[in-house]
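A quick write-up on the structure given underneath.
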Amino acid sequence: MSTNRQQVVDYFEGTRWDYRHLWRSERAGALHFGFYDQGIRDHVTALRRMTGYLASVARIGPQDRIMDAGCGIGGCAIRIAERFGCRATGVNITPFQVTQAREAARRAGVDDLVEFVEADFTDTGLPDASHTVVWALESVVHVDDKEAFVREAHRVLAPGGRLMIAEYLVREDPAPAPADEEELRTWCEGWAMPGLLTGTEYERLLRKQGFEDVRITDISHHVAPSLKRLGRLVRLLGPTAPAFRRLGVLAPVPAGNLSASAAQIRMFDAGVWRYKVVTARKPGGDTDPTGRTPAPSAS
Ligand SMILES: C[S@@+](CC[C@H](N)C(=O)[O-])C[C@H]1O[C@@H](n2cnc3c(N)ncnc32)[C@H](O)[C@@H]1O
């Protein structure tokens with residue numbers, strides 16, 4: 001069980017307004033970055049496209065049963081169910097988001113296919129081997145015990161099941177300089193993230209658990225326009241934040257969110273982290289007809 005769950009819940013409660021009004025999260029049911037390709041120019045389309053892109057990476061089809069680990073307000077699970085007609089279980093520890101996700105599924109008419117459970121994704125209580133895909137979009141980064149997540153993902157996956165994690169991976173060579181480590185800490189603290197892993201660290205955790213065919217693909221260039229959008233918001237709102245804090249109209253969590261976002265962008269521009277997709281496969285079974293986890297194609 002993760003020990004930092006209260007910080008995570010406090011962060012998402014404290015930034016609810018920001019996500020809703022500045023990120024337009026409810027339009028796409030998304031608390032993640034957008035994916036830009038094929039002439040996509042607008043933010044909400046890019047948010048939705050991220051789900052479509054990752055669904056192709058995970059080779060999702062009608063027979064799949066997805067566990068969306070850290071499902072936010074449910075947009076990915078709902079869109080996947082709409083598009084493929086497959087079943088999905090969204091798992092989330094933030095209660096208001098679970099309520100919102102359930103309402104969104106009802107509105108979308110897929111509440112017979114998608115269920116949302118309030119649980120920790122390191123200890124879901126879901127049956128062994130009950131899912132064919134574990135999907136984690138910008139969520140594992142919030143848990144202190146990442147090994148516990150990997151163990152749980154392995155347990156709930158059927159043999160041959162696929163794991164897909166999309167998030168921020170820190171550069172390994174050269175390792176971040178001390179000043180960069182300081183910036184990374186500002187970012188992580190402001191976003192309720194205990195720390196970032198390198199690709200090698202992820203790979204080691206996955207192989208230790210018994211996953212095979214581990215692949216890591218950098219999709220930063222598809223995400224960069226979304227980061228630029230965040231950068232514009234930070235430049236617009238950042239200068240007013242100290243005054244609003246003094247007046248008591250800006251709470252510590254959203255203020256920390258702003259400084260964290262600024263640090264995140266500086267560290268991206270400095271090449272200290274990249275946005276990557278990690279895929280792996282649980283041995284056995286035949287849920288993937290090719291017998292291998294496909295490498296994400298950065299189209
Ligand atoms: C940045 S949001 C991403 C949400 C969603 N995957 C999306 O892309 O829209 C991270 C989500 O992970 C959830 N989360 C973080 N730690 C968790 C944990 N240990 N167990 C379950 N959910 C968790 C948070 O509540 C939040 O909904």
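Summary of values
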{"read-out": "Any chance Arg83 is open to solvent by 10 Å² or more (accessible area, probe 1.4 Å), touching a Ser or Thr at 6+ places or on another chain (Cβ under 9 Å) and among the basic types (Lys, Arg)", "value": "yes"}
{"read-out": "Selection from the range 24-41 of residues that are closer than 15 Å to Leu230 by Cβ and without any contact (Cβ under 8 Å) to a residue 40 or more places away in the chain", "value": "Arg24"}
{"read-out": "Set Glu212, Glu203: member being at pLDDT 95 or above, among the acidic types (Asp, Glu) and within 21 Å of Ser56 (Cα to Cα)", "value": "Glu212"}
{"read-out": "Some residue of the range 57-70 being open to solvent by 20 Å² or more (accessible area, probe 1.4 Å), among the charged types (D, E, K, R) and touching a residue at least 40 places away in the same chain (Cβ under 8 Å)", "value": "yes"}
{"read-out": "Residues (among the acidic types (Asp, Glu), away from the ligand (no atom under 12 Å from the Cβ) and surrounded by 16 or more Cβ atoms within 10 Å (Cβ to Cβ)) located in the range 94-144", "value": "Asp111"}
{"read-out": "Count of the range 165-186 residues which are touching a Ser or Thr at 6+ places or on another chain (Cβ under 8 Å) and either open to solvent by 30 Å² or more (accessible area, probe 1.4 Å) or of a type in the set (Phe, Trp, Tyr) (or both)", "value": "3"}
{"read-out": "Helices (runs of 4 or more DSSP H) contained in the range 166-255 and holding at least 3 residues within 18 Å of the chain's Cα centre (by Cα)", "value": "178-190, 199-209, 220-237"}
{"read-out": "Residues satisfying the stated conditions in the range 263-284, i.e. open to solvent by less than 20 Å² (accessible area, probe 1.4 Å) and among the aliphatic types (A, V, I, L, M)", "value": "Ala263, Met267, Val272, Val277, Val278, Ala280"}
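The values are calculated or read from the model by the stated rules, or taken from the named source; none is laboratory data. Since the structure is predicted, the reported quantities are computational estimates derived from the model, not experimental observations. For neighbour counting, all protein chains shown are included, and Cβ atoms are generated from backbone atoms with ideal geometry for every residue, glycine included. Areas reflect the complete protein model, heavy atoms only, side chains present, ligands, DNA and RNA absent. Shrake-Rupley method; radii C 1.70, N 1.55, O 1.52, S 1.80 Å.
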